[in-house]
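Written out below as structure tokens is the structure these notes cover.
The values are calculated or read from the model by the stated rules, or taken from the named source; none is laboratory data. Note that the structure is a prediction, hence the values are computed from the model and not measured. Don't worry about glycine lacking a Cβ; one is built from the backbone with ideal geometry, like all the others, and counts go over all protein chains shown. In case anyone asks, the SASA skips ligands and DNA or RNA and just uses the protein heavy atoms, side chains included. Shrake-Rupley method; radii C 1.70, N 1.55, O 1.52, S 1.80 Å.
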Amino acid sequence: MERSVAAYAAQTGDRLLRGLMLGVTADIATMRWPARCSLLAVDLSREMIRSVWPGDIAGVRRAVCGNWISLPARPSSCDIAIGDGSLNCVSYPDGFRAVAASVFQALKSEGIYLARCYAQPERKEEPAAVMESLAGRENPTFHHFKFRLLMAMQRNVKEGVAVDDVYRYWAQYGLDPAVVAERQGWDVEGVRDIALYRDASTVHFFPTLEEQRSILREYFDELSCSTDACVLGERCPMLVLTPRRAAGGRPGT
Ligand SMILES: C[S@@+](CC[C@H](N)C(=O)[O-])C[C@H]1O[C@@H](n2cnc3c(N)ncnc32)[C@H](O)[C@@H]1O
């Protein structure tokens, strides 16, 4: 994301840039941003802003409570929109399309949208197979394992996957987090954190990359799609998008 932002900024001369983040991801807020860029982060949850956001800095970054479906930004006012997994937090296809339209509206016609998308593989894994992966050490962290399990437990993309269901499925195996963490070489706190899913109302949605593209292309042209070479990297591609000239009522050229 740093590289893409820097490459974009290099093409824009000296003008001030406005960034818009969907969510309050601390790693994005604190990455190297061009000095002439100010970032506005938008999240529905005051609690997330309080606990995750690394703090406002006047003229540099600011977080506000708001809904991505009606972003607190004037039309065509932002240069860079950015988000890690944001589109996986809204229903598919309706919420996804509404957020894509809203980002499109907020972006200048020459702006970019960096979207890290978590994508269901074309051949979905079974939850039991993910649990069986605990026999080996193929998941570098519990986070990797948990993401596999989330995706595997999604029965269909319209329903998405309720994190409470994932907790209950995991809990029925009765595994001791300390033992699992020790065997896998994972941080035990990370394993214990799955209890945060218990009784939570959060639902995540994991469309395949093609399903995501089928909506994104209504509003954006895809400039690039890159994946990390790390384990499961192919499931979280980063798309660099730019508004389509003729989309959403904007005049074509
Ligand atoms: C950006 S996503 C994915 C997690 C992200 N990778 C991170 O590091 O936190 C999680 C956030 O999305 C927020 N969220 C979900 N739907 C939203 C919406 N429609 N508008 C604004 N924020 C939303 C939630 O409150 C939560 O803080």
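Only one entry of Arg192, Arg245 meets the criterion of being assigned to a loop (DSSP other than H, G, I, E, B), over 19 Å from the mean Cα position of the chain (by Cα), more than 16 Å from the ligand (Cβ to nearest atom) and of a type in the set (Lys, Arg), and that entry is Arg245. Put simply, of Ala229, Ala200 the only residue that is hydrophobic (A, V, I, L, M, F, W, C) and in the same structural domain as Lys146 (by TED's automatic domain parsing) is Ala200. Total residues in region 126-148 satisfying the condition of being more than 15 Å from Tyr169 (Cα to Cα) and charged (D, E, K, R): the figure is 2. Just one of (1) free of Cβ contacts under 8 Å to residues at least 60 places away in the same chain; (2) assigned to a helix (DSSP H, G or I); (3) under 22 Å from Gly85 (Cβ atoms) fails for Gln212. It is (1).
Only a single item in (1) open to solvent by 60 Å² or more (accessible area, probe 1.4 Å); (2) under 24 Å from Ala106 (Cβ atoms); (3) of a type in the set (A, V, I, L, M, F, W, C) is not met by Met238, and it is number (1).
The set of residues from region 153-193 being in contact with a helix residue (DSSP H, G or I) (Cβ under 6 Å, 6 or more places away or on another chain) and either among the aliphatic types (A, V, I, L, M) or at positive phi (or both) comprises Met153, Val161, Val163, Val166, Ala178, Val180, Ala181, Val188, Val191. A Cβ distance below 6 Å, combined with a sequence gap of six or more or placement on separate chains, defines the contacts here; from region 232-247, residues that are modelled with pLDDT under 95 reach residues that are assigned to a helix (DSSP H, G or I) and surrounded by fewer than 18 Cβ atoms within 10 Å (Cβ to Cβ) in the pairs Leu232/His144.
Just one of (1) within 29 Å of Leu241 (Cβ to Cβ); (2) out of contact with any Phe, Trp or Tyr (no Cβ under 9 Å at 6 or more places or on another chain); (3) open to solvent by 10 Å² or more (accessible area, probe 1.4 Å); (4) part of a helix (DSSP H, G or I) fails for Glu182. It is (1).
Within region 98-125, how many residues turn out to be surrounded by 19 or more Cβ atoms within 10 Å (Cβ to Cβ) and more than 26 Å from Glu2 (Cα to Cα)? Residues meeting the conditions: 0.
Of the residues making up region 57-77, those that are over 18 Å from the mean Cα position of the chain (by Cα) and under 10 Å from Leu39 (Cβ atoms) are Ile57, Val60, Arg61, Arg62. With respect to being in contact (Cβ under 8 Å) with a residue 12 or more places away in the chain and more than 14 Å from Gln184 (Cβ to Cβ), Met151 fits the description. Residues in region 35-63 that are closer than 14 Å to Cys78 by Cβ and of a type outside the set (D, E, K, R): 6 in all.
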